[in-house]
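Beneath this line is the structure, given in structure tokens, with notes to follow.
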Amino acid sequence: MTPDVRRQLEGALFLAAYIACIPLANWLIQHAGTICPPDGPCLVPVAPGLMAPSGVLMVGLALVLRDLVQRRLGAAAGLAAIAVGAAISAWLASPQLVVASAVAFALSELADFAVYTPLQRRGLLLAVVASSAVGLVADSVLFLWLAFGSLQFLAGQILGKALMVLATVPFIHWLRRRDARLQMA
């Protein structure tokens, strides 16, 4: 397989995984958790004594996958993925969460894009971690405030998303090393 074909195929896989994170996050927040209050999000523990809406797990992963879409398919594809993702997020969200979901998704992904784009030349791992950190804080603050008018679960949101980002670090490291090795071949 040629390097260009491999990049396009991997980009398509990252894009499919990114798009899949969006309905999964919306479904989780409404249906899966250790606690599901009637008028609130389903919650999961992310640390002892710290709860977060269950969708955080997929949102943290989506931030990383969007960076990988951009790495493989380019900035225009990364921006298109954000637009499609925001539309899917709005379409799938419950009526009470539609604005919060779409706005938080779009703005946090754009913040991620704005940080990732200039940093990617300095190193993939640095770019992914830094851009995801900015994106996950933006998403957490915006979503909680717009959806619930409260930042009650902010610490849990940030930690839950950060844990998902950190879980991808070995893969990102491997991908960067493999890309460098294939360029030398």
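The values are calculated or read from the model by the stated rules, or taken from the named source; none is laboratory data. It should be emphasised that the depicted structure is a prediction, and the values quoted were computed from it without experimental measurement. Counting neighbours? That spans all protein chains shown, and the Cβs are built from the backbone with ideal geometry, glycine included.
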(1) over 30 Å from PRO38 (Cα atoms); (2) surrounded by fewer than 18 Cβ atoms within 10 Å (Cβ to Cβ): which one isn't true of LEU175, the others all being true? (2)
State which residue pairs qualify: first residue within 30 Å of PRO53 (Cβ to Cβ) and of a type in the set (Phe, Trp, Tyr) and inside the stretch 1-25, second residue assigned to a helix (DSSP H, G or I) and at pLDDT below 85 in any location, beta carbons under 9 Å apart, and separation of 6 or more residues or different chains. TYR18/GLY85
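Residues checked against (1) within 18 Å of ILE158 (Cβ to Cβ); (2) more than 15 Å from the chain's Cα centre (by Cα):
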site: PRO48; (1), (2): yes, yes
site: MET51; (1), (2): yes, yes
site: GLY55; (1), (2): yes, no
site: VAL84; (1), (2): no, no
State all residues of the stretch 13-31 that are among the β-branched types (Val, Ile, Thr) and closer than 10 Å to VAL69 by Cβ; if no residue qualifies, say none. ILE19
What number of residues within the stretch 86-134 are outside any helix (DSSP H, G or I), out of contact with any helix residue (DSSP H, G or I) (no Cβ under 7 Å at 6 or more places or on another chain) and either under 20 Å from VAL69 (Cα atoms) or among the polar types (S, T, N, Q) (or both)? 4
Residue under question is SER150, and the condition is that it be over 12 Å from the mean Cα position of the chain (by Cα), outside any helix (DSSP H, G or I) and farther than 30 Å from ARG6 by Cβ; does it hold? yes
For ALA20, indicate whether it is part of a helix (DSSP H, G or I), exposed (fewer than 14 other Cβ atoms within 10 Å of the Cβ) and aliphatic (A, V, I, L, M). no
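Yes/no matrix, rows are residues, columns are (1) surrounded by fewer than 20 Cβ atoms within 10 Å (Cβ to Cβ); (2) closer than 10 Å to PHE14 by Cα; (3) small (Gly, Ala, Ser); (4) touching a Cys at 6+ places or on another chain (Cβ under 9 Å):
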position	(1), (2), (3), (4)
VAL64	no, yes, no, no
GLN70	no, yes, no, no
ALA75	yes, no, yes, no
LEU79	yes, no, no, no
ILE82	no, no, no, no
ILE88	yes, no, no, no
LEU92	yes, no, no, no
PRO95	yes, no, no, no
PHE105	no, no, no, no
Log entry, pairs with first residue in the stretch 71-83 being in contact (Cβ under 8 Å) with a residue 12 or more places away in the chain, second being outside any helix (DSSP H, G or I), beta carbons closer than 7 Å, six or more apart or on different chains, reads ARG71/GLN120
For the stretch 24-49, enumerate the residues that are assigned to a strand (DSSP E or B) and loosely packed, with under 14 Cβ neighbours inside 10 Å. ILE35, ALA47
